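*Asks:* Please read through the structure below; I'll follow up with questions.
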Amino acid sequence: MTKYIRYHWGSDARYGILDGDTVRELRGDLFSHSETGATAKLSDVKLLAPCQPSKIFAVGLNYKSHLGGRPQPAHPEIFYKPVTALQDPEGDIVIPRDATDVHYEGELVVVVGKQTRNASPEEARGSIFGVTCGNDVSDRNWQHGEKKDLQWWRAKGCDTFAPLGPAVVAGIDYGNLLLETRLNGESVQKQFTSDLIFDCPAIISWISGWVTLMPGDLIYTGTPGSTRKMKAGDVVEVEIEGIGTLRNRVR
């Protein structure tokens with residue numbers, strides 16, 4: 001198992017391998033790199049979103065515990081989030097103008113490792129580079145309210161609505177990891193990723209039938225249980241075992 005991070009050290013953004021509290025600097029990126037030999041303390045660097053995708057997908061209604069009486073989808077229900085929605089670990093989730101009902105959605109996020117088109121589920125499994133923690137921040141009024149938008153471009157896509165990190169973990173069994181979301185320290189979501197209706201390879205296989213996936217592309221795989229409104233000053237944490245904790249304050 002290897003933990004990859006992206007970080008600022010001085011004025012430069014770099015990739016590295018997280019080894020306990022030590023960061024081992026990489027030359028290159030997630031998919032083509034070598035170690036430079038330079039190291040830093042984790043406490044001395046600023047963590048960034050650990051990936052730079054060309055596109056971000058997300059899956060709706062993908063945990064049995066999140067259906068709430070709604071019928072199970074026949075296939076993964078996919079939507080886009082813009083790359084401008086990405087936010088770093090410890091970066092603020094900003095409640096945008098006119099938003100009235102902004103919720104957290106703690107999620108396992110897949111990082112695609114190679115160009116993928118028309119993949120079978122087994123081929124799709126080989127396309128997964130690693131996984132990380134994500135928060136699919138959503139405004140429920142723009143999503144489902146009386147004057148909802150035709151598309152979820154605001155509900156799911158505002159700036160800072162896609163926190164990601166702290167690390168991309170390769171070589172982990174992502175099929176049965178415990179995911180927990182905490183709001184101001186209170187556990188508000190807790191479920192194993194084995195509760196996913198469509199697992200990670202199935203999602204990649206489905207998407208790749210129509211859209212070519214590229215190295216670094218992200219897929220937020222869905223949220224368990226129920227969610228509730230956040231307010232300025234709240235702190236939301238998404239923790240997945242073996243990966244770490246994604247922590248963001250709301251303002």
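*Asks:* Relative contact order for segment 11-157: what percent, with Cα pairs under 8 Å and sequence separation of 6 or more?
*Replies:* Relative contact order, segment 11-157: 16 percent.
*Asks:* Further, regarding this structure: May I ask you to sort Met214, Met1 by Cβ crowding, counting other Cβ atoms within 10 Å and putting the fewest first?
*Replies:* By the 10 Å Cβ count, ascending, the order reads Met1, Met214.
*Asks:* If you restrict to DSSP beta bridges whose two residues both lie in the chain, what percentage is antiparallel, to the nearest 5?
*Replies:* 90
*Asks:* For the pairs Lys46/Lys114; Lys148/Lys190; Lys190/Lys229; Lys3/Lys41; Lys147/Lys229, note any where the Cα-Cα span goes beyond 21 Å.
*Replies:* From Lys46/Lys114; Lys148/Lys190; Lys190/Lys229; Lys3/Lys41; Lys147/Lys229, over 21 Å: Lys46/Lys114; Lys148/Lys190.
*Asks:* Filter the GluC sites (Glu not before Pro) in segment 205-242 down to the DSSP loop ones having no more than 15 other Cβ atoms within 10 Å, then list what survives.
*Replies:* Qualifying residues, ordered by number: Glu241.
*Asks:* Select one label from (i) 13.2; (ii) 15.7; (iii) 14.4: the one whose number is mean projected area of the Cα convex hull in nm² as derived from the coordinates shown.
*Replies:* Read-out from the structure maps to (i).
*Asks:* Another question, if that's okay. Do the sum for the chain: with -39,500 (n - 2.57) for every DSSP H run of n ≥ 4, divided by all residues, what is the mean residue ellipticity at 222 nm, to the nearest 500 deg cm²/dmol?
*Replies:* Calculated mean residue ellipticity at 222 nm is -2000 deg cm²/dmol.
*Asks:* On a C-alpha basis, how far is the centre of segment 63-96 from the centre of segment 174-251 in Å? Whole number, if you could?
*Replies:* First find each Cα centre; the distance between them is then 8 Å.
*Asks:* Moving on to the next point. Mind jotting down a quarter of the surface of the convex hull over the alpha carbons of segment 1-149, in square nanometres, one decimal?
*Replies:* 11.9
*Asks:* Specify the inter-centroid distance of segment 15-42 and segment 103-164, based on alpha-carbon positions, in whole Å.
*Replies:* Distance between centres, Cα-based: 27 Å.
*Asks:* Based on the alpha carbon coordinates of segment 1-48, what radius of gyration and maximum Cα-Cα distance (Dmax) apply, in Å?
*Replies:* According to the Cα coordinates of segment 1-48, Rg and Dmax are 9.5, 29 Å.
*Asks:* Can you list the trypsin sites (Lys or Arg not before Pro) in segment 100-193 that are in a DSSP coil and have 15 or fewer other beta carbons within 10 angstrom?
*Replies:* Of the trypsin sites (Lys or Arg not before Pro), the ones in loops of segment 100-193 whose Cβ has at most 15 other Cβ atoms within 10 Å are Lys114, Arg117, Lys147, Lys148.
We did not get these values from a lab; they are worked out from the coordinates using the rules stated. The model shown is predicted, which means the values in this text are computed figures rather than measured ones. As a convention, Cβ positions derive from the backbone with ideal geometry for all residues, glycine included, and neighbour counts pool all protein chains shown.
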